[in-house]
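Below you'll find the structure, written out as structure tokens, and then a few comments.
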Amino acid sequence: MTWPANSPRRPGDAEAGIEVTDAFERFSQRDDVFTRAFWDDSVRSARSDAFFASYRMEAAPRRGDGFTRRDFALRNAAWLISDIMTDRFAAQGRREGFQAPLSADTPVAAERQEVDDPAAMTAEIRQVARLFGASLCGVTDFDTRWVYAARVDTRDMSEAPHDLPEGLTGVIVLGHEMPADLVDTYPSALAGAATGLAYSHEAAISMQLAAYIRNLGYEAVASMNDTGLVIPYALKAGLGEYARNQLVITPEYGPRLRFSKVFTNLPLAFDTPRKLGVAAFCDICTACADACPVKALPYGPPSTDRPNRSAIRGVRKWTSDAEKCFGFWARLASDCAICLRVCPFNRDFSRLRHRLWLRLALSPLRRVALWLARGHGRRVRPSAWWPRG
């Protein structure tokens, strides 16, 4: 696919909370810290190798609550479907869902379903996405700024060209809720099951939705962490607002979501970005930065500072130090989402009291909401999740 030159600003950026500068450059996925852990000696270590190995039970479980053999067993079982999809074409250098999009298992139908009303088709796609299990669904335009400059051939970790079809016009962004009771136990291998479960769900759901669209006669490419940065697409699709902890805060689930996407040329009506008031709350809240064990999260206002090469160039935002963050993950031999757990927006919004808190937090009375959130997000002992006796 032929890519246009970088275009720093677009209409709707301000509403989405996206501020790019003239220094903007598309991000190369080879510089993603998880990809660097395979080739960059400044990131790769015996601990990082053990971190990846532990997901296949090649490393012994650690001692301590939340890191027992059954905790690791549950985490790794939760990752199973995602792992199967990832490994299918590994011999071809395609680690799908992470360094390459998910391969299509169905062809594009020869006969095309006519779409006279893109808004009606968008409503149909939402219904189908919910049927398959997506928690949220938004639609935005195919903004090439957020597509990685290149994908990665995992045989030698070199850059490889994208093989996306020509003529893509839209991106369907899917949100996948993480189980709150597991999130409450971060950091632990047990909590890692929440991550793995979300990834396994998004692999299945995005592939099913893409197959539905291809059966209608349109191109559809299912994508997880690969191909492009999903957070800007989620913001442009109106699913939430960017926060200090590098996550998208949604009014339905707070930050407790993983996102996937489907690139398509199906005629769709694009959603409108929303400024909810999250950024204004984050301006006065530093709960995530305070709780980070390695101080990888920023204080102060958004900036264009880049702690290292694993940050995009030319975007003014809150940016974490990915090297510090990944280093802590490697020491744990599991993922850490303390910043998610302690976030004041990490609540069950099906409950009235939390919906009332949300209204307060997104209003000019946000300081009252912050005061009410003191002590929020304390860690639950992982052993309490398992049945007794």
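Would you check which residues across region 345-377 are in contact (Cβ under 8 Å) with a residue 24 or more places away in the chain and among the basic types (Lys, Arg) and list them?
The answer is Arg347, Arg366, Arg367.
Against the numbered list (1) hydrophobic (A, V, I, L, M, F, W, C); (2) at pLDDT below 95; (3) under 13 Å from the mean Cα position of the chain (by Cα), Ala189 comes up short only at (3).
If you check Arg374, Arg306, which single one turns out to be of a type in the set (Lys, Arg), surrounded by fewer than 16 Cβ atoms within 10 Å (Cβ to Cβ) and more than 23 Å from Gly277 (Cα to Cα)? Before you say what the answer is, go through the steps one by one.
Details: Arg374 fails: more than 23 Å from Gly277 (Cα to Cα).
The unique qualifying residue is Arg306.
Summed over region 16-59, the residues that are at pLDDT below 85 and loosely packed, with under 15 Cβ neighbours inside 10 Å give a count of 3.
Quick check on this structure: which one of Ala120, Ala149, Ala110, Ala134 is outside any helix (DSSP H, G or I) and closer than 18 Å to Asn265 by Cβ? First the steps, then the outcome.
Details: Ala120 fails: outside any helix (DSSP H, G or I); Ala149 fails: closer than 18 Å to Asn265 by Cβ; Ala134 fails: closer than 18 Å to Asn265 by Cβ.
When all the criteria are applied, what remains is Ala110.
Restricting attention to region 65-95 and to residues that are of a type in the set (Gly, Ala, Ser) and farther than 22 Å from Met178 by Cβ, the residue that is surrounded by the fewest Cβ atoms within 10 Å (Cβ to Cβ) turns out to be Ala91. If you go through region 340-389 and keep only what is in contact with a Phe, Trp or Tyr (Cβ under 6 Å, 6 or more places away or on another chain) and within 30 Å of Arg63 (Cβ to Cβ), you end up with just Arg341.
Restricting the first member to region 65-92 and to residues that are at positive phi, and the second to residues that are among the charged types (D, E, K, R) and at pLDDT 95 or above, the beta-carbon pairs closer than 9 Å and six or more apart or on different chains are Gly66/Arg381. Looking at the structure I just gave you, is Tyr233 touching a Ser or Thr at 6+ places or on another chain (Cβ under 8 Å) and of a type in the set (Ser, Thr, Tyr)? The answer is yes for Tyr233. Yes or no: region 225-232 includes at least one residue that is under 26 Å from Arg112 (Cβ atoms), crowded, with 23+ Cβ neighbours inside 10 Å and either touching a residue at least 60 places away in the same chain (Cβ under 8 Å) or touching a Cys at 6+ places or on another chain (Cβ under 8 Å) (or both). Yes, that holds for at least one residue.
Inclusion of Leu266 among residues that are surrounded by fewer than 24 Cβ atoms within 10 Å (Cβ to Cβ), more than 23 Å from Arg367 (Cβ to Cβ) and touching a residue at least 12 places away in the same chain (Cβ under 8 Å) is not warranted.
The values are calculated or read from the model by the stated rules, or taken from the named source; none is laboratory data. Given the structure is predicted, the values throughout are model-derived calculations rather than measurements. Every residue, glycine as well, gets a Cβ built from its backbone with ideal geometry; the counts of neighbours run over all protein chains shown.
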